[in-house]
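J.: Can you keep this structure in mind? I'll have questions shortly.
A short reminder: the numbers here are calculations on the coordinates, not readings from a lab. Since this is a predicted model, take the numbers as computed values, not measurements. Ideal geometry is used to build each Cβ from the backbone, glycine not excepted, and the neighbour counts take in all protein chains shown.
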Amino acid sequence: MITSLRSALLAAALLAGTVASAQPFVGHDDFSGNDAKWAYAFRVPYLTVGTNGAFAFRNGVAEFTKGAGMGSQIIGWDGDGVAGNPVSRTVASANTSWVADVTPVMRHLPGPDAFAAIGFEIAVGPTAYTEITLQRFTDGVLRIFTETNSPTTGIARVAVPDNADVRLRLAWNAATRVITVAYSFDGGATFSTLRTVPITDWPIQPTTGFQFELVGYSTSPNPVVAGEMSLDNFSITAVPANYARLGNVSVRNLTAAGDRTLIVGFTVDGAGSRPLVIRTVSETLGRVFGVPNVVSDVDLALFTGATRIRTAANLAPGLAAAASRVGAFALDATTTDAAIATQLFPGSYAVHAVPAPGATRPEGAALVEVYEDGLAGTRLTNLSARTELGSEPLIVGFVVNGTTPARVLVRAVGPGLAAFGLNGTAADPRLTLVRQSDGQTVAQNDDWTAGLAASFASVGAFALPAGSKDAALVVELPPGAYTAQLQNATAAAGVVLAEVYQLP
């Protein structure tokens with residue numbers, strides 16, 4: 001399996017900037033880039049009847065308390081230093097992608113015909129808001145609840161399992177103008193999306209940003225005492241739009257059934273589950289792009305290790321919109337190609353381009369593609385493909401996203417595979433890196449040099465034998481699309497492993 005040859009994950013920080021200086025209240029933000037952080041300010045609670053609730057801050061925890069009867073409290077801040085100012089807000093909060101996490105605790109049991117809730121809300125005005133809360137109703141069931149007043153309106157909720165370590169998340173993507181509302185039942189190790197909210201009409205003028213609010217309220221006649229409802233682990237952290245990453249990776253080569261199946265491995269990095277679009281394409285290559293000898297019908301199988309976790313024989317619902325969103329070329333509804341949109345946790349995966357049962361041409365060219373799907377923080381840190389290399393080149397594509405250059409390691413391994421017990425390897429693979437915008441060759445290599453060994457080790461790539469005929473190069477690449485083209489020095493067929501790593 002290709003995963004047995006793969007490197008460990010590249011350990012790289014995704015969130016830039018300095019953690020905010022000490023605040024008088026719980027939490028921090030990271031938008032201004034210096035010590036003049038956002039001013040935290042109290043706002044008047046929005047429930048006007050029985051508003052006897054209050055937040056108390058003890059040891060970094062915001063505790064909501066109230067006496068008998070209905071009560072509520074909102075703590076809001078907007079970055080301009082003026083308490084409760086609804087007009088001038090820090091524009092960075094709308095122009096910068098960010099992730100906000102909060103851990104809620106709910107032990108309060110409401111009375112008859114009552115409920116209690118504690119959570120987090122963002123808004124740019126009284127009619128444009130999104131909130132996520134932990135709520136308990138009279139049936140005693142805890143639920144994650146999200147409500148939105150925006151072009152995408154409505155309510156969504158999910159029940160909380162017993163003993164869950166709940167964390168709530170709101171993530172803003174400033175480029176796509178989409179808010180992702182998510183929750184975690186394992187203390188933030190993994191997140192599931194509750195809904196996505198495209199905020200197409202929320203303003204981003206120079207004087208406009210988000211209003212951030214912590215909320216606590218209860219309609220129960222019972223008191224809420226210290227420790228019953230609280231918010232902990234609160235943070236808002238900027239995710240810079242210019243962080244360099246591999247936003248799209250692809251491999252085109254021959255595929256067939258059994259041991260000759262085209263297998264493409266990739267590594268996902270980032271916090272929580274990551275949204276991706278994955279496709280296996282053949283019929284469209286021939287019909288639209290004129291590629292000869294394509295597989296007539298290709299299926300998709302997604303693996304982690306030896307476990308198959310997803311399959312697809314055609315396009316899943318909504319894939320046309322997903323393809324447009326990530327910048328992929330269109331696949332029409334009648335194609336025999338396959339594609340999925342999925343959420344994957346950080347780790348290593350492999351996509352198999354499998355000729356479909358009954359395909360009239362079960363052997364031929366196919367393309368495997370993996371795209372990040374817009375959630376800031378996603379990184380495809382490693383691509384690898386093991387296949388047979390003959391007279392036709394193996395083409396590996398990748399896109400450097402962001403506004404800063406990325407250091408990339410590219411390898412074409414043939415003789416070096418012998419250490420893994422593989423026979424019939426390519427005797428002398430050669431590597432050419434081409435910039436797609438103008439077709440210019442960026443770098444070339446035939447036989448790797450010992451000076452690259454440290455780069456191999458920095459990403460956990462396996463060592464190559466000294467003096468082997470494998471090829472490798474390290475290059476710093478500006479944002480853009482590139483192809484690595486692998487060819488054998490002779491026309492003889494042989495197994496080759498193509499690898500692309502983002503270096504620290």
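J.: Can you compute 3J(HN,Hα) from phi for each residue in segment 419-431, using the Karplus curve 6.51 cos²θ - 1.76 cosθ + 1.60 with θ = phi - 60°, rounded to whole Hz and x for Gly and Pro?
T.: Along segment 419-431, the couplings run 5, 9, x, 8, 9, x, 7, 4, 6, 8, x, 10, 10 Hz.
J.: Need the C-alpha centroid separation for segment 454-504 versus segment 153-180, integer Å.
T.: Using only Cα atoms, the two centres lie 40 Å from each other.
J.: Then there is this: How big is the charge dipole of segment 321-403 about its Cα centre, in debye rounded to the nearest 20, if each Lys and Arg gets +1 on its Cβ and each Asp and Glu gets -1 on its Cβ?
T.: That gives segment 321-403 a dipole magnitude of about 200 debye.
J.: First check a/c for segment 247-344, with a ≥ b ≥ c the square roots of the eigenvalues of its C-alpha gyration tensor; if it is under 1.5, answer rounded, and if not, answer prolate when a/b is larger than b/c or oblate otherwise.
T.: Since a/c reaches 1.5 but b/c is at least a/b, the shape of segment 247-344 is classed as oblate.
J.: Pop the C-beta distance of residue 489 and residue 453 into the FRET formula with R0 = 25 Å and round what comes out to the nearest 0.05.
T.: Rounded to the nearest 0.05, the efficiency is 0.65.
J.: Next question, about the same structure. Between residue 232 and residue 503, what FRET efficiency comes out of the Förster formula 1/(1 + (r/R0)^6) with R0 = 45 Å and r the beta carbon distance, rounded to 0.05?
T.: Once rounded, the FRET efficiency stands at 0.75.
J.: Taking the mean number of other Cβ atoms within 10 Å as a proxy for protection, how do you rank 386-399, 133-146 from highest to lowest? Show your work: numbers first, answer last.
T.: Numbers: 386-399: 19.9, 133-146: 17.9.
Highest to lowest by the protection proxy: 386-399, 133-146.
J.: What length, rounded to one decimal in nm, is gained on full extension from residue 391 through to residue 332, with 0.36 nm per residue of separation minus their alpha-carbon distance?
T.: Numbers: separation 59, 0.36 × 59 = 21.24 nm, distance 3.16 nm.
Between residue 391 and residue 332, full extension yields an extra 18.1 nm.
J.: Also, I was wondering about something else. Under 5 Å between amide hydrogens, which residues at least 5 positions from residue 314 or on another chain qualify, with H placed 1.01 Å from N in the peptide plane?
T.: HN-HN under 5 Å from residue 314: 339.
J.: Scan around residue 489 for amide H atoms under 5 Å from its own, H built in the peptide plane at 1.01 Å from N, and keep only partners 5 or more places away or cross-chain.
T.: Correct list: 428, 430.
J.: Which ³J(HN,Hα) values, rounded to whole Hz and listed in residue order, are derived for segment 338-353 from phi using the Karplus coefficients 6.51, -1.76 and 1.60 in 6.51 cos²θ - 1.76 cosθ + 1.60 with θ = phi - 60°, glycine and proline given as x?
T.: 10, 7, 9, 10, 8, 10, 10, 6, x, x, 10, 9, 9, 9, 9, 8
J.: Can you put 476, 147 in order of Cβ neighbours within 10 angstrom, beginning with the fewest? Before the final figure, lay out each step's value.
T.: Working: 476 11, 147 17.
Ascending number of Cβ neighbours within 10 Å: 476, 147.
J.: Given points 7 Å out from each Cα along the Cα-Cβ axis, report the residue 225 to residue 427 separation in nanometres with one decimal.
T.: Computed distance between label sites residue 225 and residue 427 equals 8.4 nm.
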